[in-house]
Amino acid sequence: MISQIALLLTICLVLPSFGQVENGQPPSETSPATPVSPSPNTPPVQVAPTPLPLPSTVRVPQDIISLPDSEGRLIAVPLNVTIEQYLEWLDRQEAERKTEQIWILRNLTATGSLSEDASGKSWAAMKFQFEFSVEQSSEWNSLPLMMGEAVLTGFTEQGSDAEVPQRNRLMIARDVDSGQWLLWYRDQELFQLEVQMLVPILRTGSENQLLLTLPSASRTELELQLDLQNPAVELNSKGFWERQQNEQGTLVRIAGFQQKIDLTWSDSSIDMSVQPIFDVESLVDVLRQGESTSINARQTVTVEQGAISSLQIKLPSGFQLENVTSDRTMKYVFDAADPSSITLNFSPPVQSSAIINWKLSAPIRRFESQLVIDGFKVVQARKETGKIAIRRSSDWRMTQLVPQSDNIITTDVREITFVTDANQGFRFYNQPIQLVMSAQRSETTFASESYFDVLVGRDQIDLSGEFVVIPKNGVVETLSVIWKDFDTEGWELSTVTSGDIPLDVTFEKSDQLVISTPGWETPQKIRFLARRKLDRPVEEYLENDEHLNLPLPVFAATANAEYQDQILRIATTVPQYAALLAMNGFRELEKERGAELAKSQLFFRNAGTRLQNAHWFALQESEETRSIRFEKVHQLSVCQESIILTQIDTGSQVLTIDYLFEFLVENIPAEEFRFQMKVPQGETALIPEFRDATNKKLNLTSRNREASPGSTETAASNSGRILEYVYRPLKPVLGEMKIRAQITCPLDDRELLSRRICRIPEINATPCDRLRRELLNQTPYAITPTNDYWQLEETGPRATLYASVEKNAEESVEIDLSRSRQGTDVGFVDAKVETRIAADGTTLSVMNLQIARTPASFTLELQPSIAVVSAYWNLDGQRDTSFLEPVIDGDQARLLLPDYAVGQPGKLVIIVQHFESTGLASILSQTLSLPGHSLDQRIGLMSWDLKFPAGVYLFQPPENLIVNYGWRWLGFGFRRVPLTHNSMTSGIPAAAIQEAGFYRFTSYQWPKTIAFRVVGRGLLMTLGCGLPLLIAILILGRPRSYQIRCTLGLVVVFSTVAVIFPQELAVLLQPLLIGILAIGIALWGAYYMRYRHDEPTLIIVGPHQDDRGISDGAIQMDAHGVNPDEITRLQPPPRKEVLGSSHR
């Protein structure tokens, strides 16, 4: 059910992509209107159907698509139904598929006439009468009406039941996939149907053509009215036809046609007096094979004017006509005077085109060395063009003789598309032509490669071989093979095949056979299997030093065979001996070359799954019998032991070690592998875990045994015990074998933190004739072997390699946890320090080190006033944090980083606390120290942020740091702003940098100590505001000249201070401005807000006399009765008197 619903949803999605089906609505039961001629600008006339009730669930709609069902069969699926209707209809299809409906078209008649639309296109308005006999069914069924070329204009049901439209029993719809028309019916048994169609007329030159496909019917008849008098009519399909003249023109009647009508006619009667104009195109292919030459030609005659009743054609000289056919009715006759000239007579005459097919042949005469190709010239043709193809021949080689050829142009063989095996191509553009080819017989030659695989058992020899035959010229049909002593040595040939096809083999002699092939032109392979029973076991040949004959098949030494590689592989099924070639005529190949052949040649990959002691030989071509000699072999095994130090857990103080044993077993397979590990007394946790090359755990048999007293084992193991593990594979191993053992060893407990010693247990592996040992350090720490025989071979980014060939002994390695395996180069270090000072003097510094390659350890130089609070490390791009425990070693604190962090980019954060300060004192010099560390020389540019408590400001910055802020006028005063050009401020919000008490500095080295001064807010305001007030008090009330001199002096002093102490002055500038503003406000208030009398008082000062007497400018007041020391206050007269006075 789910699949059916999914199918319906798919139908609904693809529904908009389909166009509207013609006559998609149920047709009216009434007779439609007369159809009109179709036109691109005139819409077709549609008859409005009578309103009908909604269709029942058994109705099949007009819109149909074919989709595959679960078995891949295409089924018709309706589109415009509900889900319930579709599911009910789908269930019925399965039952109806078992009983397919049977229908018979008893009678098919059609009448029609010609018309043209507005664009000048011709149509045949056809009216078809169908008489059907079908099985009675209440379900919808369909039958094909075909006629996909036509356009439906209407249909009407005929008969006694045609006047009942409510029954809706017939529908016509176009199939979306095939484009043909389908008739849907139900509740019918015998019914008649009239269908109106418009059939397009195809016009080529002066010829018209009617093409129409129809369903099969018991009786067929068609009448077509042509508005032409005496036209040239021809029926190209099956059937009987006649024509009758009437007032409208010519009536063409056709009967007995089946499923197809192909009718052609011309617009007027043929005027044979008009000289015809026509062109000819010839396609000629020539094949010379064996003792004859054959020519196949196809000529296309295209008539441009008039009609052709006969053609006279010149055939190639020396060739005999075997057959000539045409798509037109014709007869031919030879010219008695010239047998190479032939005349074709057409009835009726050809008005459009005709195709003529020729087949000619000629025997090859003795000593004939040339082939002349001419002919196919058509008399009175306007233009004659064509192509000539020389087909590939296995018996003849042909070359063009250019000087003797005429009107021939060589062309690319890829332009010859009418044959597939052409190897030469020519073309011509006019007649007559002459192509002369030099013809020579070619003998079939081939090259061969031979591969033999010999498997020697205890009592028989199996021989398998492969011949690669490469034809050089011609076709290889037979191969002669010589096999010396085949019969006398008792060989039995089982199969000879090429691919999976058996080949016929015939023995002409006891040592010569012939292989028949199906005619090879491309490289092919021949494989054979043969066997020979031995008269005695191979061991006797080995003991008596006897040779064993080995005859090999070779191709007969003829002139048409070229020999290339001849490779022989000899192997045995018994590993204790090897088989080799004796005598001469061969060259033994290296094992590397044999391994390449085993991989490149499929024959050697398929043959020999039980091979032992294989040897490879390159043979020289010879028919003589070869011989095999035998040698004893011994097992040879090489083992490479790799001790891989994979991981160091600094927390649990253990080292993980992987032992990788790579065995190479030769000659005799190894049935078991033994591993002996010497365990000192008291060690119980050293238990190895064994795995194979695919990391699959192996189950080994283990046993404990004590070391033998007085043996080397006892001395080496210190009276310990020996663990022995035995691994027996499912089948003996010959070749490579890898076994991995993993063990965890504890580190020794030493007082020195950074250095540890680890003793690696000894594991002896057998079988092992030669040993090579490697020690690989894959841990991030520096490790040094304690034994002197280890040689450093390679240091890479992933591991450090040591090599040795000494015998196994207990190894010890010294691990330096403070040094990285890749050295001390940590790359670039980006440092950021943030120091926060509390009001009570508590100072914390956070040192953030961004390291390109993290070292193995980090050392801090501690001071009495500094203590490490915490430290942690995290990898770039990850949130996981590794907390580090500092270990105090005298005046140093060492941090051991985890093994996964060493060499990786990451961030190291150390938090330290300072005890050197008891509090912040204004104006007094303060010092702050940072601890030195092991990476201080790697730091380039660093940043240091100082954060003071609220109300404390930096008065004098450190001299050894670069200030990373400036002062600007913003708003109503000066503000600190960050310097945006400094890269260290990137990523820090501007609000954080402008925060009160936050100061950022940069340095190009690690500053261990800085000195600075701070000032409190109260003292800052006192100094900034009090200083201007004091100056104002001192200079106000003084003479103007004194004030000017003081002002100039203050400017000089202020400028000098600004130059010498710019940062301090910038800090004081803000409260200075506040003080100056306060002075200005005070002066303004004093001037405008002091008390004044309503009327002024005139004060007259008496005359003044000095020692020089009365001055010239003095006023003598004594004449007025005023003494010199008296002051008289003259009051003005009353206001009324002043206003009433006559004085102006």
Got a sec? Which of Gly951, Gly940 is farther than 18 Å from Gly1016 by Cα and either in contact (Cβ under 8 Å) with a residue 24 or more places away in the chain or more than 59 Å from the chain's Cα centre (by Cα) (or both)? Gly940
When the range 875-899 is checked residue by residue, the ones that are in a loop (DSSP other than H, G, I, E, B), within 34 Å of the chain's Cα centre (by Cα) and touching a residue at least 24 places away in the same chain (Cβ under 8 Å) are Asp876
Does Ser266 satisfy the condition of being of a type outside the set (Asp, Glu) and within 18 Å of Gln380 (Cα to Cα)? no
Members of the range 851-899 that are more than 13 Å from Ser934 (Cα to Cα) and among the hydroxyl-bearing types (Ser, Thr, Tyr): Ser865, Ser870, Tyr872, Thr881, Ser882
The range 775-803, subset within 22 Å of Arg740 (Cα to Cα) and in contact with a Phe, Trp or Tyr (Cβ under 7 Å, 6 or more places away or on another chain), residue surrounded by the most Cβ atoms within 10 Å (Cβ to Cβ): Leu775
Examine the range 888-903 for a residue that is at pLDDT 80 or above and hydroxyl-bearing (Ser, Thr, Tyr), and state whether such a residue exists. no
May I ask you to list the residues in the range 550-577 that are at pLDDT 85 or above and of a type in the set (A, V, I, L, M)? Leu550, Leu552, Val554, Ile567, Leu568, Ile570, Ala571
Give the range 440-478 a look and list any residue that's among the small types (Gly, Ala, Ser) and either over 48 Å from the mean Cα position of the chain (by Cα) or buried (at least 16 other Cβ atoms within 10 Å of the Cβ) (or both), or say none. Ser442, Ser448, Ser450, Gly457, Ser464, Gly465, Gly474
I'd like the full set of residues that are of a type outside the set (Gly, Ala, Ser) and part of a loop (DSSP other than H, G, I, E, B), limited to the range 236-245. Asn236, Lys238
Can you find, within the range 329-345, the residue that is surrounded by the most Cβ atoms within 10 Å (Cβ to Cβ) among those that are touching a Phe, Trp or Tyr at 6+ places or on another chain (Cβ under 9 Å) and under 26 Å from Val274 (Cα atoms)? Leu344
Only residues that are part of a strand (DSSP E or B) and closer than 25 Å to Gln434 by Cα: list them for the range 327-345, please. Tyr332, Val333, Phe334, Ser341, Ile342, Thr343, Leu344
Which of the residues spanning the range 199-235 are free of Cβ contacts under 8 Å to residues at least 60 places away in the same chain, in a loop (DSSP other than H, G, I, E, B) and at negative phi? Leu228, Gln229, Pro231
Ala297, sole failed condition from (1) surrounded by fewer than 17 Cβ atoms within 10 Å (Cβ to Cβ); (2) over 21 Å from Gln275 (Cβ atoms); (3) under 60 Å from the mean Cα position of the chain (by Cα): (1)
Could you name every one of the strands (runs of 3 or more DSSP E) located completely within the range 98-185 that has at least 1 residues being modelled with pLDDT of 85 or more and within 30 Å of Leu228 (Cβ to Cβ)? 103-116, 122-134, 141-146, 151-158, 181-185
Scan the range 495-515 and report the pairs whose first residue is closer than 18 Å to Leu552 by Cα and whose second residue is among the polar types (S, T, N, Q), with Cβ atoms within less than 6 Å and a gap of 6+ or a chain change. Val514/Thr478; Val514/Ser480; Val514/Thr506
What tally of residues in the range 303-330 results from selecting those that are closer than 19 Å to Asn345 by Cβ and not hydrophobic (A, V, I, L, M, F, W, C)? 11
Is it the case that the range 191-204 has a residue that's of a type in the set (S, T, N, Q) and modelled with pLDDT under 85? yes
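The values are calculated or read from the model by the stated rules, or taken from the named source; none is laboratory data. Being a predicted model, the structure only gives us computed values, none of them experimental. Positions of Cβ are generated from backbone atoms using ideal geometry, with glycine treated the same way; all protein chains shown enter the neighbour counts.
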